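As structure tokens, the structure follows; a few thoughts come after it.
The values are calculated or read from the model by the stated rules, or taken from the named source; none is laboratory data. None of these values were measured; they are calculated from a predicted model. Ideal geometry is used to build each Cβ from the backbone, glycine not excepted, and the neighbour counts take in all protein chains shown.
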Amino acid sequence: MLGEEPHPPYERPQLSKAMLHAPDAPVAYIKQASDWSDILAVRLETGSAVIDCDADRRIVATADGRSFAFDRLLIATGTLPRRLAALENSAIEIQYLRNVEDALRFRKSIHDKSRIVIVGGGVIGLEAACAAAKNGCRITVVESEQRLLARAFPAVVSDLVAARHRSHGVEFIFGATVSGSSSDGVRLSNGADIAADLVLVGIGVEPVATVAERLGLPSAGGISVDAYGRTAASGVYCAGDAALQFSRCHDRAIRVETWANAQNQAIAVAGNMIGETREYGDPPWFWTDQYDLNIQVAGDMLEADHIIRGDTNCGKFSVIAMRGADIVGALSVNSAKEMAMLRRVIAADKRPARADLESSAYDLRAALK
Ligand SMILES: Cc1cc2nc3c(=O)[nH]c(=O)nc-3n(C[C@H](O)[C@H](O)[C@H](O)COP(=O)(O)OP(=O)(O)OC[C@H]3O[C@@H](n4cnc5c(N)ncnc54)[C@H](O)[C@@H]3O)c2cc1C
């Protein structure tokens with residue numbers, strides 16, 4: 001296993017949650033470095049960036065001049081943060097949140113700096129805002145859409161999240177973006193200046209396709225795979241954030257940027273690489289933790305009719321997304337048990353009657369029978 005980072009593998013959700021909330025929280029690694037070889041017989045090569053790949057000779061080459069032969073190859077190169085070009089050459093400090101170093105740096109900043117502008121009201125930006133606000137920083141989130149998390153959340157949930165942040169002092173500017181720096185911070189596309197010591201950018205990610213490109217695989221928008229994780233190159237597979245895969249809920253190919261996909265698609269694809277036949281098509285699922293809100297999303301919430309179960313005012317409810325008779329997505333706020341059922345209903349492609357779903361007395365277990 002060749003990885004560019006100097007660390008043994010770790011999970012990223014901690015970078016915007018546990019690691020930011022406690023000043024001395026250690027990095028939780030998936031396994032001790034020695035366990036990879038001692039228990040799993042995996043040769044782990046950290047600090048090893050693959051820069052070339054020869055499909056005919058079946059060899060990958062690393063930046064430090066070594067080469068490794070393969071019979072089958074898994075590309076799991078993930079994504080990198082989209083850069084904010086408007087600030088790249090400005091004097092103000094600009095940070096991103098993707099790896100351990102980023103999290104340690106931002107954690108130090110939220111203790112040292114007081115005025116932070118966060119560009120992007122998506123999950124990463126909002127989790128960072130939550131940690132920084134709890135530390136007493138003055139936070140302004142600049143979001144180009146008219147509401148938070150517009151790509152994944154219905155408006156009722158966007159509004160709830162915004163209200164929770166505002167109650168912790170976070171300010172929002174919608175319908176604008178950062179166009180450059182000012183004498184004391186940043187300038188916005190609407191002409192306003194905001195004083196800031198630091199800008200954290202969370203405006204999405206781009207797939208890392210260096211290896212795929214060396215193999216001549218098309219990589220615009222991700223590396224295309226079938227339900228078995230196979231790319232168009234013989235014996236070459238892809239899984240995780242970088243993979244462009246068909247999603248039944250979305251009815252198109254998408255990249256699934258979630259922890260659960262990185263784990264479960266990889267497990268299925270690893271099986272296929274050693275001769276098993278494992279079709280993978282889990283509905284996308286992710287969670288976010290902000291203040292007292294645990295929000296989970298499965299499938300696709302957009303361009304669908306929404307059914308609300310529970311009371312939005314008491315901060316514990318679910319939203320089910322339907323297209324015709326199909327449930328294509330679900331979102332839960334502080335209702336993890338209901339989400340566990342909804343994920344099963346979506347995965348099994350069950351179609352309970354809309355009238356049943358609208359009643360919070362309806363037990364979702366009945367839909368699975
Ligand atoms: C701050 C943060 C918080 C998150 N929180 C959540 C959450 O709460 N819930 C959720 O569901 N998801 C969350 N995610 C998303 C989740 O972490 C990703 O979906 C997951 O990490 C994807 O795993 P991956 O292995 O596909 O890619 P990555 O985690 O990006 O790993 C790819 C690895 O490949 C390495 N690499 C790239 N190119 C090369 C090369 N040429 N040679 C060698 N190595 C290379 C990279 O250095 C990297 O270590 C979060 C992500 C971030 C950044």
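Okay, here's what the table says:
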item	result
Count - residues of region 52-81 that are within 9 Å of the ligand (Cβ to nearest atom), among the aliphatic types (A, V, I, L, M) and surrounded by 15 or more Cβ atoms within 10 Å (Cβ to Cβ)	3
Residue, nearest to Arg66 (Cα to Cα), within region 8-24, restricted to residues that are among the aliphatic types (A, V, I, L, M) and at pLDDT 95 or above	Leu15
In region 234-248, the residues that are over 16 Å from Gly78 (Cα atoms) and within 16 Å of the ligand (Cβ to nearest atom)	Ser247
Residue satisfying condition, being under 30 Å from Ala61 (Cβ atoms) and in contact with a Lys or Arg (Cβ under 7 Å, 6 or more places away or on another chain), within set Glu127, Glu213, Glu206	Glu206
Qualifying positions in region 77-119 - of a type in the set (Gly, Ala, Ser), farther than 27 Å from Glu213 by Cβ and part of a loop (DSSP other than H, G, I, E, B)	Ser90, Ala91, Ser114
Residue, surrounded by the fewest Cβ atoms within 10 Å (Cβ to Cβ), within region 120-135, restricted to residues that are more than 16 Å from the ligand (Cβ to nearest atom) and in a helix (DSSP H, G or I)	Lys134
Tally of residues being without any contact (Cβ under 8 Å) to a residue 40 or more places away in the chain and touching a His at 6+ places or on another chain (Cβ under 7 Å) across region 13-28	0
Test: residue in region 277-292 that is of a type in the set (Val, Ile, Thr), in a helix (DSSP H, G or I) and under 30 Å from Thr177 (Cα atoms)	no
Filter result for the condition that a residue is closer than 26 Å to Glu206 by Cα, out of contact with any Gly (no Cβ under 7 Å at 6 or more places or on another chain) and among the β-branched types (Val, Ile, Thr), over Val100, Val42	Val100
Complete set of residues in region 1-44 that are within 17 Å of Ala76 (Cα to Cα), more than 9 Å from the ligand (Cβ to nearest atom) and exposed (fewer than 14 other Cβ atoms within 10 Å of the Cβ)	Pro6, Ile30, Val42, Arg43
Output for region 296-345, where each listed residue is in a strand (DSSP E or B) and of a type in the set (Gly, Ala, Ser)	Ala298, Gly299, Gly310, Ser318, Ala321, Gly329, Ala330, Ser332
Every pair of residues 6+ apart whose Cβ atoms lie under 8 Å, when the first sits in region 250-265 and is farther than 12 Å from Pro283 by Cα while the second is assigned to a helix (DSSP H, G or I) and among the charged types (D, E, K, R)	Trp259/Arg12
Answer residue from region 249-281, given it is charged (D, E, K, R) and within 12 Å of the ligand (Cβ to nearest atom) and is surrounded by the fewest Cβ atoms within 10 Å (Cβ to Cβ) among those	Glu257
